[in-house]
Amino acid sequence: MGRMRTTWIRKAAALITGGVIAFAMAAVLGGCTSEEDALPEENVKYEIALVTDDSLVMDGGHSETAWNAITEFGGTHGISHKYYKATEQTEAAFEDAIKNAINKGAKVVIVDNRKMVKAVFEMQETYPEIDFVIMDQDPYDPDNGNILIAKNTASIAFDSGQAGYLAGYAAVIDGSTQLGFIGESKSDEIKDFGYGYVMGAERASGEVGEEATMEYKYCKDPSDRDAIYKTANEMYENGVQVIFAAGNEIQEPVIEAAEAQDGKVIGSFTDQSKKSDKVITSAEYGIADALKGILGQYTDEKFPGGEVIRFDARNEGIGLELKNNRLSNLTQKQYDEVYEALAKGEIIVNTENIKSVKDIITVNLTVQ
């Protein structure tokens, strides 16, 4: 994977409007064929499946990045692939979407949605011959608290604390001393984004010799766009210069508030720069390279089942989006030095024993 000092999200060579790249007949992979030899759609088998909930796939977030990576990998290696969406937000619909993918020939099922953790928990044992990949969350049964990563499942985990650290550091170096954080939930992943953000901002405040303040909030309901907009709008009205919007569902209402108040936004998970010129950078995950790496292991018959594969600065699995950034003062040298320090363990973003943001010791930063 290329150095994340620039970017590691590669766009697919072409837009897939129908959600399918398929080789409708076995002969296509080997040469020419006649129209009469083409198989009907119901008989086509798709080896790699992306399964998600009923929301948009091409949304500029996790799903689009994952699908583009699958498309690129499948096209390069001549492997058929398709995405499948649940019909509604229910456990039954999630399981049906996975079953549908398997019935259509999937040998590896990639689930990119945190809402589907229980479905993967169940399906990995129901279909032991199928390889599963789940991102950002282990297969989990919320009814009893059990976690199971079966031998046919690989779990991808990104270090959101380190990504948040880089975001906080960049925000202050860029010239902002009044910061905001809005997390879409109190999940461990989102809290780590926030804790890292505080730690990075603290370091940068010490370097520039200016004290900073931070308004820090979690959403009660990430689907309540009006409430999120109101929270962000009030932050900007209170003097906050930049808000780190941690979570897929809250990006757009925070961006809308930034546009109304001429504020700045730091996005999360994937490059959010196309959504608005108010997005100055994004704390990104290396989703594309992570997936292509695991799919490469799958094709080499070395699928890392039963494992949690962790991505952080050591393997360039997280970072700030810098290719399309709108940062004014952060230099490449400054970013490289902090990134290398994270990679070498000279900076440790340890959030394990933090129960509240107030537990973080700060000297140059006041958290409100």
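The values are calculated or read from the model by the stated rules, or taken from the named source; none is laboratory data. From a predicted model like this one, the values you see are computed outputs, not experimental measurements. Cβ coordinates were reconstructed from backbone atoms using ideal geometry, including for glycine residues, and neighbour counts include every protein chain displayed.
Of note:
Matching residues to (1) hydroxyl-bearing (Ser, Thr, Tyr); (2) touching a residue at least 60 places away in the same chain (Cβ under 8 Å); (3) within 21 Å of SER160 (Cα to Cα):
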{"site": "ALA212", "(1), (2), (3)": "no, yes, no"}
{"site": "CYS219", "(1), (2), (3)": "no, no, yes"}
{"site": "PRO222", "(1), (2), (3)": "no, no, yes"}
{"site": "ASN233", "(1), (2), (3)": "no, no, no"}
{"site": "VAL242", "(1), (2), (3)": "no, yes, yes"}
{"site": "GLY247", "(1), (2), (3)": "no, yes, yes"}
{"site": "ILE250", "(1), (2), (3)": "no, yes, yes"}
{"site": "ALA260", "(1), (2), (3)": "no, no, no"}
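- Residues satisfying the stated conditions in the range 308-336, i.e. surrounded by 13 or more Cβ atoms within 10 Å (Cβ to Cβ) and free of Cβ contacts under 8 Å to residues at least 24 places away in the same chain: none
- Subset tally (residues that are farther than 20 Å from VAL57 by Cα and either among the aliphatic types (A, V, I, L, M) or in a loop (DSSP other than H, G, I, E, B) (or both)) for the range 258-277: 7
- Residue count for the range 235-261 under the criterion of being in contact with a helix residue (DSSP H, G or I) (Cβ under 8 Å, 6 or more places away or on another chain), more than 14 Å from GLU184 (Cβ to Cβ) and among the charged types (D, E, K, R): the result is 2.
- Highlighted here are the strands (runs of 3 or more DSSP E) found entirely within the range 87-178 that include at least 1 residues which are of a type in the set (Gly, Ala, Ser) and under 15 Å from the mean Cα position of the chain (by Cα): 153-158.
- Scanning the range 102-129 for residues that are of a type in the set (Asp, Glu) and in contact (Cβ under 8 Å) with a residue 40 or more places away in the chain yields one hit, ASP112.
- Taken together, the residues in the range 316-339 that are outside any loop (DSSP other than H, G, I, E, B) and out of contact with any helix residue (DSSP H, G or I) (no Cβ under 8 Å at 6 or more places or on another chain) amount to 4.
- Residues (of a type outside the set (Gly, Ala, Ser), surrounded by fewer than 24 Cβ atoms within 10 Å (Cβ to Cβ) and modelled with pLDDT of 95 or more) located in the range 105-120: LYS107, VAL108
- Qualifying residue in the range 235-244 (condition: closer than 22 Å to GLU321 by Cα and either assigned to a helix (DSSP H, G or I) or not assigned by TED's automatic domain parsing to the domain that holds LEU330 (or both)): no
- Verdict on VAL198 being in contact (Cβ under 8 Å) with a residue 12 or more places away in the chain and not in a helix (DSSP H, G or I): no
- Extreme residue, surrounded by the most Cβ atoms within 10 Å (Cβ to Cβ), among residues of the range 351-368 that are free of Cβ contacts under 8 Å to residues at least 12 places away in the same chain and assigned to a loop (DSSP other than H, G, I, E, B): SER356
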